[in-house]
Every structure is written in structure tokens, then in C-alpha cells.
1. Peptides 228-238, 198-208, 78-88: what's the order by average Cβ count within 10 Å, highest mean first?
2. Sort 277-283, 322-328 for me by packing, meaning the mean count of neighbouring Cβ atoms within 10 Å per residue, highest on top.
3. If packing is taken as the average count of other Cβ atoms within 10 Å, what order do 444-450, 333-339 fall into, highest mean first?
4. Please compute the length gained on full extension between Glu429 and Leu458, using 0.36 nm multiplied by the number of residues separating them and subtracting their Cα-Cα distance.
5. At 0.36 nm per residue, minus the direct Cα-Cα distance, what do Glu376 and Glu598 gain on full extension? Give it in nm, one decimal, please.
6. Which GluC sites (Glu not before Pro) in region 43-151 pass both tests, a DSSP loop state and at most 16 other beta-carbon atoms within 10 Å?
7. Within the set of other residues whose C-beta is less than 14 Å from the C-beta of Leu126, count the net charge using Lys and Arg as +1 and Asp and Glu as -1.
8. Collect residues whose amide H, placed 1.01 Å from N in the peptide plane, falls under 5 Å from the amide H of Gln321; neighbours closer than 5 in sequence don't count.
Amino acid sequence: MDFRTQRRTLEVLSDLFQRKPQVGRVRFRPQRAGGRGVGYTGMPLPRSSPEREGLSSRQLLEFLRRAQVHPTINPHTLMVLRHGKVVCSCSFAPYREDVWHVTHSMCKSLTALAVGMLVGEGKLSLEEHICDIFPGRLSPLANPLAFRRMKAVTVRHLLTMSSGVNFNEAGAVTSEDWLGDFFSSGVGFEPGAKFAYNSMNSYVLSCIVRERSGMGLTEFLRPRLFAPLSMGRLHWEKSPQGVEKGGWGLYLFPEDMAKLGQLFLQEGVWDGRRLVPREFLEEMCSPQMATPPEMGEQGYGFQLWMGKRPGSYLCNGILGQNIIVLPDVDMVVVTTGGNDCLFKTSTTISLVEEFFEGKEFQPGGALPPNRKAYGELKAFCAKARNLQSTFPSPQEAPGRQRQRFPFRSPERRLPLECRLLDGKEYCLEPEGARLLPLFTQLLQNNFTPGIRSLRFGLEDGQFTMTVGEGEEKSQLLLDFAGTGQPCEVAANGERYLAAASACFARDEDGNTVLKVLLPFLEQSSARVMKLFFFPGGKVELRLSEVPSFEAILQDTGLLENKAAAGWLSRMALRHDPTLAEYTVRRAVEPRARGSRREMPPGEEG
């Protein structure tokens, strides 16, 4: 990280750890305020039974069960393809396969495909220097060593994460001009000398696509990739300069993630039409750079990782977003999730490796039908989804299946506490307590003033909690059946689809506690809320998130260097390690205290 980005990053950290109401150095721009991805609009892939495609329903069922009960995997959707057909698709409530999902770094592979298409059209060479693509961006007054190294950076270096440029992901919340700061940053080593993961390499690739084609990534790929694959709606977040982020910020349906994996299996050909040059794909899907053991020992290609099974590779996004391609057995495994694992050394990928990448896994032709096991597999998927199963029988022709959304869980008797809270309102001092998970706040640079009020209501058998942040209010429909009721969270003009489930409990002193789990259905993170009710109308709101933000803080780039860690210790009252830990804890698990607002006569609920 260069000095300017480091300084700006420390300023953001200071705001966060001091729990200021205003955080960030970049103006937030709502990007999805006009709509969201609910209801799949593409053409589904063909379906089949596992046995018909040479796989075991029993094995797939065990795979799903293991993922469901694993303490860290936290699966949202799992899908398995063989011979181009979906043999297993399971979503875990409240997540839905007909709601698009953030892909994080998985989308880097799509950016690489766009680069390959440009190469195939003769508009770009992998050996071109980026300074020649963006003339005038590099100042000759820069540090001589940095100037020389930056002049040497090529498109290939960006693809293989070997540019050595210091300006990294932290710049997304500290800079308005990512491309300009990339060129003015230092370069830590000779380009091509080693692997150094940096999502800003992918952003510059996105800028190159725009520069050479005159179109952003979405517009460029629509006729070349999205339309030929009959993909559904998608959304790619943009930088402050209006360029798709390239390395993150893409929302896709799991079905379309599976199609991309199948395109890789088919070596860039779809319906008899070549979409990606063969030579580029061969390089992309083979080792180009050695990687550190903690990131995976098999190496890195062009914006994707090599797998353990010989010839396998994967498009990987943090926290469980994966397209895993196994060419020798003609399979694709797709996962979305919310675990605390980074890169490809994750519990999700380890489970896939255990079931499908060992030497003993050698599926062949069709197996005899196993109606009992197949029925159990369908029943598991239906129960996990908590709706009537849309899992087709082998005889059903694949068609467009649309599910209405939102849905309601069965009517359940509400706890007595709901009646006692009906009409009550509480005013809070926000102290950095926001409804969005901190990980989402940082990724999207979306920081609200904080939660200032909570109001409860009971009507028509439904219990609601309305959360006030600044001038905005979000009404959460609390479900006590455990499946979660869909709702929307408002944050600075942006709308986030969520689902709230709740229960009441008692603390060690006998005080009532309302626990709310609020997964954000398009995101990888969920908010956990605990509201403690004390005598005299006093309340305390405690927030945490799943996955734990502390486990993924390093990957945001905010604490990646010793200078930042030392600054944090100094800020926490003169190197007191206990207080430093407390400071971080209060920032990532904020609290807000308040009291019940006394209603004017006639206004009581």
C-alpha cells in the first residue's frame, strides 16, 4: 500500500474505531436503488437425475448434509452439473437460487474472458504495456524506480497478479480516481517476478476493456457472452469514475454461474459458436504464477486458481463464492455462501475436494436408477429451501420456472413479548451501530449515520421492528418460525433485500433479550442483533455479523501492514494491547444504548 492510500486508510480506520457517525473519504453513490435481482429471467440449464449422469444421489445427499451442518461453511446455494446437466441444486433458506448473489472476486474470471475476447478481435495484446494503453497517465516526475517498473507493467502482469503495484483494494474506500492512483502508486517489485494478489489489477483490466472497446464490461460482454448463454439479469457495481469494478461487485444468479463453468468445460464454445479464443483459454486455465501456500499451492492462471485435481481450476470469490471446474470428469460445482474463509484455502473448497477431487472419484456412464436415494435427495432440497420443491424429475423437460417472491412462512403463534412491545419506541445513541454488516459497508462505501430509533408494531398477526437510521426507516417483519421473512433495508438511498428471523430469550439477570438474525440475501454477510430490555425502559442494542468481521478484516486491506497495526495500538491509549483489542471489538461489534420514548397522550400503540 502506498503512503497516500495508507494515510487515507488510517483516517477511515480512525473514524470506524472511534465510532464516528460519518465514515469514509469517498462519496457514496447508490447503484441499485431502482431494482434488484429477484426472479430468474434467463433460460435454465437442462436437468437430469444423478444416476442418469453417472453420479450417486446418495453421495450428493451426503455432500449437502455435510455442508449444511459444517460449523463454518454456511452454504447459501450448492449446485452440481455433469455432462452439462444440473443433477443437484439446493438453496438453504432464506437464500434462494432465484435471487442473484454477490460473487466477490469470482467475477475476476469474467473480466479475464472479456480481455481474451478483445485479444481475439485483434484489439489488444497481452504483451502491451499499460502505459501505452493509457498514455499520459504516468508522470515522468515520479520516483525513478517506480517510473521504470510501472513502464514495464503489461496486460499479462495484470492477469497473473504479478504487476507489483502497491495501490490495492483499500483504495476503493479512500480514492475517487482509482486508475490515476494506480499509476501514481509505487511498485513493490519487478513486474512478473512474483505473485501479489491485488484486486486493482482486475479494475485496470476493466478500464482497458473500456478504453479499447469503447464500452464498459457489461455492455461489451452482453452480446458476446451474456446473450449467447441466455443469462438472466445481472448487476456490476462501478467505481467513482463509472467503470465496472472488474475484480468485485458483480451479482449473478447461481444458474448463470453454472453456465460460465460449463462454458469453460466446453473450451469456450456454446451452441456450436466459439465465444472465447482457444489459445487464450488454454493459458488462462493453466498455471502461470506460483502462489503462497496459505492461498493454495497449485498456482494461478489468468484471474483464476488451479485446483488439486489434475487439470481442474476454479473461479473463486471470498466467503464461499465458487465455480469449480473438473474437466476430466466433465463436472461443474457452484457454491455461494457466507463463511469466513479467504481465497481457495477454504472449508467449502476442502469439502468439494473431499467428495469430488480424490483419485477414487472416477464416475463413468449411467448408473442404475435409485428411486429411494433420489427421492431423499429431492426431499432434502425441498426442506432446505422450506418451500415446495422445484427439483424436477428426470422426465420433466426443463422450462422457465418462476417463483413468486417474497413468500410467507406458515402462520405461527407469536410470543407474548410481541404484545408487550406493541407500539413501543426506543431512542438510541448510535455510536457506530449500523444495520448493514460492516463488511458490506466497507465493500460498498455505504456508511449511514447509525441506528437512532426502534419501533415495534403488531398487526394482523405480524410483528414488525422499524429501524430508523438518519432520515430512513427499514421495517423488518420478524419471523419466529426460524425461516426468515423477506424485507428491505434502506441505507443512503440504496435498498438491500434481507430476511429477518427472531426469538426471545433471557440473560443471566433475567432481562428480556430479543435476538434477530438478518441475512442480506444478495450478500455474503448477515447482521446479528441482540436487544436487551432493562428495568426503567432502558435498552442496549448489541450488533455482530456472520461471518465474523474480525476473521476477514485482513482481506479488506485495512490492516495489512505493520504501520496500520502500530497506529491502532497507539490510538488505543499508548500500546495497551488489551485496550487495543477492546477498541477493535467495539468497532466490529458496536453497541447502542437508549431508552423508551414516552408517547404523547393518544399516540400510544
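Quick note: the coordinates plus some simple rules give every number you see, no bench work behind them. Note that the structure is predicted; figures quoted are calculated from it, not measured. Cβ sites come from the backbone with ideal geometry, for glycine too, and all protein chains shown count toward neighbours.
1. 198-208, 78-88, 228-238
2. 322-328, 277-283
3. 333-339, 444-450
4. Values: separation 29, 0.36 × 29 = 10.44 nm, distance 2.49 nm.
Residue separation times 0.36 nm, minus the Cα-Cα distance, leaves 7.9 nm.
5. Extra length from Glu376 to Glu598 when fully extended: 74.5 nm.
6. Working: sites: Glu51, Glu53, Glu62, Glu97, Glu121, Glu127, Glu128; in loops: Glu97, Glu121, Glu127, Glu128.
Within region 43-151, the qualifying GluC sites (Glu not before Pro) (loop, at most 16 other Cβ atoms within 10 Å) are Glu121, Glu127, Glu128.
7. Details: positive: Lys123, Arg156, Arg212; negative: Glu121, Glu127, Glu128, Asp132, Glu279, Glu282, Glu283.
Summing Lys and Arg as +1 and Asp and Glu as -1 gives -4.
8. Long-range HN contacts for Gln321: Gly337.
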